[in-house]
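Q: Quick one: the structure is below, and I'll ask about it shortly.
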Amino acid sequence: RGMLRGKVAYVNVLFSFRIREEGKDSIPEHPYLYETDVEILLVGGSCKSPVEKFWNGSSAVYILQKATHHEESDSMEESRADDAVYTSEVLPKESPGALALSVGRAKQLISLYTMVQNPNVPSLGMSDLVLLPPLWARCDASDPQHTCWIGAEPLRAAHKVTGLNIYTVSCDGPTADKTRFPNLEELKMEHKIRHHSSLVTTKGFARYELIAAAAIEDTIAESGSNIYVDITWNGVERILETPPVISAATLNIALESGDPRSPVFQLYQELQFLLALAEGVKTDLTEWPEPSESESALKLVQEFLTDLKKKLDGDYVFEDKSETEKIKCDTAAVDSCIKSIFGERGDLDFTEQLWCKMKSKCVSSHQELIDCFTLVIKSLERGEIQPWIHQGSSSFLSQLIQQSYHGKMEDVSLSDITPIQMLLEVGLEKMKKDYVSFFIEQKSLLLQDYFISTSVDLQEQVHRVQKLHHMLEIMVSCTGLLQFRHENLFPLTQICMKYYKENPLNEKHVFQLPIRPALVEKFYQNDNPEVWKVEISSGHGQKEVKTTWQVSTNAPVEHGTSNNSGLLSDSTVNGSTEERLYFITMTQCSQVHFT
């Protein structure tokens, strides 16, 4: 009877793993119930793997976890409430549905998976063995080692499974007590004894946040922006050592636009007005700013046209110093820390100067916009002005100006969305030149035809200008915060442009740039890492085994932490409240061979 139950369990688990065969073309979005207490989920494709911090495989994986029962008792919820309040400031919120199995149950399921993969076990009438993805089980850390994951990864040769890598991941903390950190030599000796090896190699990894290190206030972090560097090196000598200068480093940048402290914040606001106009053209609904108490757009435009009449010149460029300085400020919006790389444009033509008069804080209604363009068109029709415009300018207003040179202009009806579209076209051309002038200064705009093309519709052109602004924010941040020079900005610009030529706007995307650690060393050399890890390995090829020891400021698992009893006391070790709290994670590997 016991053997029969084992065979039934074998077939049952194999049936559950057949989910992969049923979902070949698309990964199932929701877990499948395996038994009343266990559910199984296949994670792959674009989905973020919950075990990527411990396992560097690239294939899809099965995740086993405790089945989610929505009818949990209120008493259980209440018993968790106090702990949730107590730890909410330090610990991340648990992901709904990510519940852990007991360590014993997880080991039982991993054993069944091992049996399924073993070619020496009779297949119960099955004609072939299924090559399954790796399996990982969430654990509740209820054992003395605080095990939070157990995993099994098949070892393959010629499309046959020859054995398994068995992983155990344990987690402790958070703690600021560094006496709980092991000695590196102890870790190496433990690895040698476990795997009967005489020679081991070590590899280090450290991650430092550079925005915090550059003394930027926490409002940037709240916006979702982050700049950090990942560093790897060989030959680790001690726990928590600072990476040597000869390490390999990758700069990671995720930046959201719109920080009020950014040197290009005024340019960002100008872009927001452009986006409002684009939305007005698309939906026939435009959100206008509140009227300015000091001056109206109509008055500014009238004064501007009067000044042009007095200084009529076919090659005229407006030269009133105070107004030029104002336009320059509005156009470039840069402070002293980046003026050397983002110079103010001094070649604004008539339409661009008109945009500066009418934008954002000035034009406050559709009627005022009509009145402004009426003034301009009448001045052109009467020949009172002959303004200069950039060669190749293609906006409707530019076409009217060109027609005015010959004394004959087409009739213009300023009804419906026509004036909004006219202003949108003018602003679009002006802002394209603003961004392009920066990237040309950096000799970086190899893909500029894509970003300034007029062969696509206005909405797509606006979308591409948004991409240009996001890239500008990244370049300005790296220049202002990290003191990057041209030789560092150039490859970063190319990486950003290549991404945005192929993808839509995504301000959460992490751009990666290989750099020399010396470039940013001063920002982290006296700082604590966010993550520090040492990898101890022995063997080669499929016989390679690794032991990984890691500390991190964030909990390494989302289904709870292993030991929170010392949370408060650990935060005041040696009377200091400044010590960094770390979670300690150990990943160990052992091998099972079938042949």
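Q: With respect to SER455, determine if the residue is within 30 Å of LYS357 (Cβ to Cβ) and modelled with pLDDT under 90.
A: Here the answer is no, as SER455 does not meet what is asked.
Q: I'd like the residue in the range 176-203 that is in contact with an Asp or Glu (Cβ under 9 Å, 6 or more places away or on another chain) and of a type outside the set (D, E, K, R) and, out of all such residues, is nearest to SER552 (Cα to Cα).
A: Selected residue: ALA176.
Q: How many residues, within the range 329-374, are of a type in the set (Ser, Thr, Tyr), at pLDDT below 50 and in a helix (DSSP H, G or I)?
A: 1
Q: Now, a different point. What about LEU210, is it open to solvent by less than 10 Å² (accessible area, probe 1.4 Å), at negative phi and modelled with pLDDT under 90?
A: Considered against the rule, which asks whether it is open to solvent by less than 10 Å² (accessible area, probe 1.4 Å), at negative phi and modelled with pLDDT under 90, LEU210 comes out as yes.
Q: Further question: Which count do you get for residues in the range 440-452 that are in contact with a helix residue (DSSP H, G or I) (Cβ under 7 Å, 6 or more places away or on another chain), at pLDDT 80 or above and not β-branched (Val, Ile, Thr)?
A: Number of matching residues: 2.
Q: Moving on to the next point. Go through (1) at pLDDT 85 or above; (2) surrounded by 15 or more Cβ atoms within 10 Å (Cβ to Cβ); (3) farther than 30 Å from THR175 by Cα for LEU129 and report which single condition fails.
A: So LEU129 meets the others, but not (1).
Q: Name every residue in the range 406-443 that is open to solvent by 40 Å² or more (accessible area, probe 1.4 Å), out of contact with any Phe, Trp or Tyr (no Cβ under 9 Å at 6 or more places or on another chain) and of a type in the set (D, E, K, R), in order of residue number.
A: LYS408, GLU410, ASP411, ASP416, LYS433 - these are the residues of the range 406-443 that are open to solvent by 40 Å² or more (accessible area, probe 1.4 Å), out of contact with any Phe, Trp or Tyr (no Cβ under 9 Å at 6 or more places or on another chain) and of a type in the set (D, E, K, R).
Q: Given (1) open to solvent by less than 50 Å² (accessible area, probe 1.4 Å); (2) among the basic types (Lys, Arg); (3) farther than 30 Å from SER395 by Cα, identify the lone condition not met by LYS467.
A: Going through (1) open to solvent by less than 50 Å² (accessible area, probe 1.4 Å); (2) among the basic types (Lys, Arg); (3) farther than 30 Å from SER395 by Cα one by one, LYS467 breaks only (3).
Q: Also: Just for the range 479-499: of the residues that are within 16 Å of the chain's Cα centre (by Cα) and within 21 Å of PRO517 (Cβ to Cβ), which one is least open to solvent (accessible area, probe 1.4 Å)?
A: Going through the qualifying residues, I end up with LEU492.
Q: Looking at the range 51-66 only, could you name the residues that are in a loop (DSSP other than H, G, I, E, B) and in contact with a Phe, Trp or Tyr (Cβ under 8 Å, 6 or more places away or on another chain)?
A: Correct list: VAL51, PHE54, TRP55.
The values are calculated or read from the model by the stated rules, or taken from the named source; none is laboratory data. The structure presented is a predicted model; accordingly, all values stated were derived computationally and were not measured. Ideal geometry is used to build each Cβ from the backbone, glycine not excepted, and the neighbour counts take in all protein chains shown. Keep in mind that these areas ignore ligands, DNA and RNA; they rest on the heavy atoms of the full protein, side chains included. Shrake-Rupley method; radii C 1.70, N 1.55, O 1.52, S 1.80 Å.
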